[in-house]
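The structure appears right after this line, and notes come after that.
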Amino acid sequence: ICDLSPWALAVAYFMMACRSSWCRINQPLADYGAFVTSRAKAFKRSAMIHGLEGQERAMKEIAAKGKSASKIEQDLYSALELAKEMSLRGYSFLNVDINRSDATKFTICDGKILPPFTAIDGLGENVAEQIVTARNERPFTSKADLKLRGKVGKTMLDLMSEYGCLGDLPEDELLDLFAM
């Protein structure tokens with residue numbers, strides 16, 4: 001009796017490759033979104049959302065380090081390769097959006113991939129979940145409201161504002177009588 005397990009394993013790998021290829025060709029945004037959600041161990045928001053030039057620049061910086069590149073940088077390089085492929089095929093990432101981003105999953109929005117809140121450096125999963133929960137109760141009316149209901153610290157709030165993730169949220173909810 002011969003052992004057929006290597007053949008079964010080869011067939012399973014072949015079937016997975018066919019499915020993956022079909023998705024990459026027929027549903028590319030869903031495939032890319034699923035990849036970065038589940039397998040990308042590192043994501044650099046600043047390089048990803050600025051298109052091909054930003055991605056290639058980040059890849060060159062990591063490649064220049066050679067073997068001294070950290071494990072995180074090596075993982076980021078793999079994600080950047082995927083982002084570069086996306087850009088060459090005409091697909092791109094949006095910026096994190098306070099009104100539309102998910103807590104931890106990359107989603108498809110307006111024909112592009114929308115990063116989650118956890119794509120922001122230093123913003124953890126718990127805070128991201130709190131932001132989404134508070135936003136689902138009612139939309140944020142100001143940065144002060146986000147800070148209070150979303151449990152976002154001042155440093156992170158400033159970072160999100162600097163990155164352009166907060167749109168046109170005012171600082172606080174006070175009315176400016178002179179602006180009327």
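The values are calculated or read from the model by the stated rules, or taken from the named source; none is laboratory data. This structure is a prediction, so every number in the text was calculated from the model and none was measured. With ideal geometry, Cβ positions are generated from the backbone for all residues, glycine too; neighbour counts draw on all protein chains shown. Just so you know, the surface numbers come from the protein's heavy atoms only, side chains and all, with ligands and any DNA or RNA stripped out. Shrake-Rupley method; radii C 1.70, N 1.55, O 1.52, S 1.80 Å.
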Per the filter on segment 101-114, residues touching a Lys or Arg at 6+ places or on another chain (Cβ under 7 Å) and either surrounded by 18 or more Cβ atoms within 10 Å (Cβ to Cβ) or touching a residue at least 40 places away in the same chain (Cβ under 8 Å) (or both) are LEU114
Among the numbered criteria (1) more than 12 Å from the chain's Cα centre (by Cα); (2) open to solvent by less than 60 Å² (accessible area, probe 1.4 Å), which single criterion is violated by GLY122? (2)
Apart from one, (1) outside any loop (DSSP other than H, G, I, E, B); (2) surrounded by 16 or more Cβ atoms within 10 Å (Cβ to Cβ) all hold for ILE98; the odd one out is (1)
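Table: residues versus (1) closer than 19 Å to ALA34 by Cα; (2) in contact (Cβ under 8 Å) with a residue 12 or more places away in the chain; (3) basic (Lys, Arg); (4) out of contact with any His (no Cβ under 7 Å at 6 or more places or on another chain).
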residue	(1), (2), (3), (4)
PRO116	yes, yes, no, yes
GLY122	no, yes, no, yes
ILE131	no, yes, no, yes
ASP158	no, no, no, yes
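Looking at segment 144-161, can you tell me whether even one residue there is hydroxyl-bearing (Ser, Thr, Tyr), surrounded by fewer than 17 Cβ atoms within 10 Å (Cβ to Cβ) and not in a helix (DSSP H, G or I)? Spell out how you get there, then give the answer.
Going through segment 144-161, the residues hydroxyl-bearing (Ser, Thr, Tyr) turn out to be 155, 161.
This time we only want the ones that are surrounded by fewer than 17 Cβ atoms within 10 Å (Cβ to Cβ), so: 155, 161.
Still in the list and also not in a helix (DSSP H, G or I): none.
No.
Does GLN130 satisfy being open to solvent by 50 Å² or more (accessible area, probe 1.4 Å), within 24 Å of LEU29 (Cα to Cα) and more than 17 Å from the chain's Cα centre (by Cα)?
On the way: open to solvent by 50 Å² or more (accessible area, probe 1.4 Å): yes; within 24 Å of LEU29 (Cα to Cα): no; more than 17 Å from the chain's Cα centre (by Cα): yes.
Criteria not met by GLN130.
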Test: PHE117 is buried (at least 16 other Cβ atoms within 10 Å of the Cβ), of a type in the set (Phe, Trp, Tyr) and under 18 Å from ARG45 (Cβ atoms): yes
